[in-house]
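The values are calculated or read from the model by the stated rules, or taken from the named source; none is laboratory data. Remember, predicted model here, so these are calculated numbers, not experimental data. Here the Cβ is made from the backbone with ideal geometry for all residues, glycine too, and neighbour counts use every protein chain on show. Please note that ligands, DNA and RNA were not included when accessible areas were found on the heavy atoms of the full protein model with its side chains. Shrake-Rupley method; radii C 1.70, N 1.55, O 1.52, S 1.80 Å.
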Amino acid sequence: MQSTDFVESYFDAWNQHDPHGVADHLAPGGIYQDVRQNEERTHDELAEYLREFFRQYRHRYELIGDILSNGNTVAFQYRMVPSRRNRSGETTIYQGAEFITLEEDSAALIADYYDVPDAEGVAITTPSRTRARRRKYAKSGLSEAQLKKYRDALQELMYYEELYLDPGLTLPKLAGRMGCSVNHLSQVINAGFGMSFFDYINQHRVEQAKKLLAGLDDRAAVLKVAYSVGFNSNSAFYTAFKKRVGMTPAQFRRCRTQ
């Protein structure tokens, strides 16, 4: 699929307010990264989030300027125009940009950057949503001692059972293994480690990948490492690895073998 066809189909799904249509643009194991909220969502998580979002809000999504592409990377700017005016009779237009890493006909990664002006209106993130998230944690009942207990237990699971190697690992699934609620586990990872669930899991996957890469003696084997440490695609592996290490897996391997 050409990048222009992909973007047109993607915008069409947003404008039809079709949560699954939007999410279906992700490849299996693909990630939608909400940079402003510092959150990452899988296909199912994105569809569930957008289902509620589209129930409440109806925007029109418009492309600004040209679609830029370089290899398997696509970038574009967009605007969101609310379907109704705010109480002052004005229409607040929100703007953003997305960077998409394509994997054949789907997206391995969609990184969404957007700006929310200080005005009455609605965008993908709002102060009320931030306050709601804070209230959720405030009501969770986790004391500092409990937070530390869960944090230590989580680290033990990662170290001894290597749960991060499971490519199907999700927040609810990990919460089940922890014997705690999803809300509590989310708080433990966010407050205890200062990162999102996906960043936390990918951190362990990348560290394991570094150990494997250091012992490789053939270039082809580099591509196999992604799947052996829990990633569902090479694109997601390269993105996470470079984000944490500052170089690609191949570059890291060459540095270790020189």
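Of all residue pairs spaced 6 or more apart or on separate chains, those with beta-carbon atoms under 8 Å, a first member in the range 151-162 that is basic (Lys, Arg) and a second member that is part of a helix (DSSP H, G or I) are 151/188; 151/192; 151/193. Mind checking whether some residue in the range 237-253 is hydroxyl-bearing (Ser, Thr, Tyr), out of contact with any strand residue (DSSP E or B) (no Cβ under 6 Å at 6 or more places or on another chain) and in a loop (DSSP other than H, G, I, E, B)? Within the range 237-253, one or more residues are hydroxyl-bearing (Ser, Thr, Tyr), out of contact with any strand residue (DSSP E or B) (no Cβ under 6 Å at 6 or more places or on another chain) and in a loop (DSSP other than H, G, I, E, B). Among the residues of the range 161-190, which ones are farther than 23 Å from residue 241 by Cα and among the hydrophobic types (A, V, I, L, M, F, W, C)? Selection gives 175, 178, 180, 182, 185, 188.
Among the residues of the range 151-174, just one is more than 18 Å from residue 231 (Cα to Cα) and crowded, with 18+ Cβ neighbours inside 10 Å, namely 154.
Scanning the range 175-202 for residues being open to solvent by 40 Å² or more (accessible area, probe 1.4 Å), polar (S, T, N, Q) and within 17 Å of the chain's Cα centre (by Cα) gives a total of 1. Are any residues in the range 48-86 at pLDDT 85 or above and not in a strand (DSSP E or B), and if so, which ones? Of everything in the range 48-86, those that are at pLDDT 85 or above and not in a strand (DSSP E or B) turn out to be 48, 49, 50, 51, 52, 53, 54, 55. Scan the range 163-189 for residues that are closer than 25 Å to residue 27 by Cα and part of a loop (DSSP other than H, G, I, E, B) and the total you get is 5. Only residues that are part of a strand (DSSP E or B) and either buried (at least 18 other Cβ atoms within 10 Å of the Cβ) or of a type in the set (Asp, Glu) (or both) were counted across the range 1-47, and they come to 11. Residue 200 passes every criterion in (1) touching a helix residue (DSSP H, G or I) at 6+ places or on another chain (Cβ under 6 Å); (2) touching a residue at least 12 places away in the same chain (Cβ under 8 Å); (3) of a type outside the set (Gly, Ala, Ser) apart from (2). With respect to the conditions (1) of a type outside the set (Gly, Ala, Ser); (2) at pLDDT below 55; (3) open to solvent by 70 Å² or more (accessible area, probe 1.4 Å); (4) not in a loop (DSSP other than H, G, I, E, B), residue 120 falls short on a single one, namely (4).
Could you grab me the full set of residues in the range 48-66 that are within 19 Å of residue 27 (Cβ to Cβ) and surrounded by fewer than 16 Cβ atoms within 10 Å (Cβ to Cβ)? Result: 48, single match.
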